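Asker: Provided herewith is a single structure, encoded as structure tokens, for subsequent inquiry.
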Amino acid sequence: MLLRLFVSADLGAGIEVVPTPGQAHYLGTVMRRGTGDAVALFNGADGEWLARIATLRKDRATLIVERMLRPQSAEPNIWLAFALLKRDATDLVVQKATELGVSELRPLLTMRTLASRVNLDRLRAIATEAAEQSERLIVPGIAAPQPLTALLADWPAARRLIAAVERQAAPAVPFADGATGLLVGPEGGFTETELENLLTRPFVSAASLGPRILRAETACIVGLAQLQVRRGD
């Protein structure tokens, strides 16, 4: 199986790409690749391309792009807004949401949020690695954490927002047909004030993830999977 690398350079036949020092170290030291070996490259816009290692020395390398492997294609237009969790749980959400096709992640601060700060560079590195390993053609964007009230004030009116609620009568998560967002609250759930603010918004719909009370990170994974399942087809 080809190693895959996300790069910022334009991709096309004959183009020389210079990977980051970290990627060069990964190719040579971690994966033991050498001159002439093949690598798959993608940049989120130009599809996936076959390239070969032209030079490789410690933390420096050059790659020559040869041919397209896959054209760029449309992916699910799903955003995930989730209350920040402890570090390991947040890492898991970013990794699994990337694997499940999310196009953007929106970390949130709520009344019961367990954390207030994140290392965005670290989360973006986790998302990049997950996209490389899951054979996605894009890496999802990750926004800086913001309060729930700010998210709702800025939310695009044309993008419906499915709020996962617990202990309330609500329909199952619908299929994400078009621009959609999934909102998952913190451990302990949203406060009554937050729920009232949420459910009075015209673009928000409440949905149930099932009969069990799930951990927040599990709820993100389950909700994203359910959004992409057609029922009754």
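Asker: Nearest-5 percent of antiparallel DSSP beta bridges in the chain? Intermediate results must be reported in sequence, preceding the final value.
Answerer: Working: 16 of 43 bridges.
About 35 percent, rounded to the nearest 5.
Asker: Residues in region 61-97 near a label at Glu16, defined as backbone nitrogen under 13 Å from the 7 Å Cα→Cβ point?
Answerer: 61-65
Asker: Next up: For region 1-50, what is the charge dipole size about the Cα centre, in debye to the nearest 20, if Lys and Arg each add +1 at the Cβ and Asp and Glu each add -1 at the Cβ? It would help to have the intermediate numbers written out before the result.
Answerer: On the way: 3 positive and 5 negative charges, 56 e Å.
The calculated dipole for region 1-50 is roughly 260 debye.
Asker: On alpha-carbon atoms, Rg over Rh for region 8-138 using Kirkwood Rh? Let's see the in-between values first.
Answerer: Values: Rg = 17.0 Å, Rh = 16.3 Å.
Ratio of gyration radius to Kirkwood radius for region 8-138: 1.04.
Asker: Taking just the alpha-carbon atoms of region 48-120, what radius of gyration and Dmax come out, in angstrom?
Answerer: 18.3, 53
Asker: Can I ask one more? Based on a Kirkwood Rh over C-alpha pairs, give the Stokes-Einstein translational diffusion coefficient of the chain at 37 °C and viscosity 0.692 mPa s in µm²/s. Provide the component values of the computation, followed by the final result.
Answerer: On the way: Rh = 19.1 Å.
Calculated translational D: 172 µm²/s.
Asker: Against the globular-protein guess of 2.2 N^0.38 Å, express the Cα radius of gyration of region 3-70 as a ratio, rounded to two decimals. Don't skip to the end; give the middle numbers.
Answerer: Numbers: Rg = 10.6 Å, N = 68, 2.2 N^0.38 = 10.9 Å.
Working it through for region 3-70, the quotient is 0.97.
Asker: In debye, nearest 20, what is the charge dipole magnitude of the chain about its Cα centre with +1 on Lys and Arg Cβ and -1 on Asp and Glu Cβ, if you could check?
Answerer: Working: 26 positive and 25 negative charges, 78 e Å.
My answer is approximately 380 debye.
Asker: I would also like to ask the following. Alpha carbons only, please: Rg and Dmax for region 142-181, in angstrom.
Answerer: That works out to 12.2, 32 Å for Rg and Dmax.
Asker: What number, rounded to the nearest 500 deg cm²/dmol, is the helix-based mean residue ellipticity at 222 nm of the chain, given -39500 (n - 2.57) per DSSP H run of at least four residues and division by all its residues?
Answerer: On the way: 6 runs with 60 residues, N = 233.
So the helix-based figure for the chain works out to -7500 deg cm²/dmol.
Here, each number is a calculation from the coordinates, and none is a lab measurement. Everything quoted here is computed from the prediction, not taken from an experiment. Neighbour counts are summed over all protein chains in view; Cβ atoms, including those assigned to glycine, are modelled from backbone coordinates with ideal geometry.
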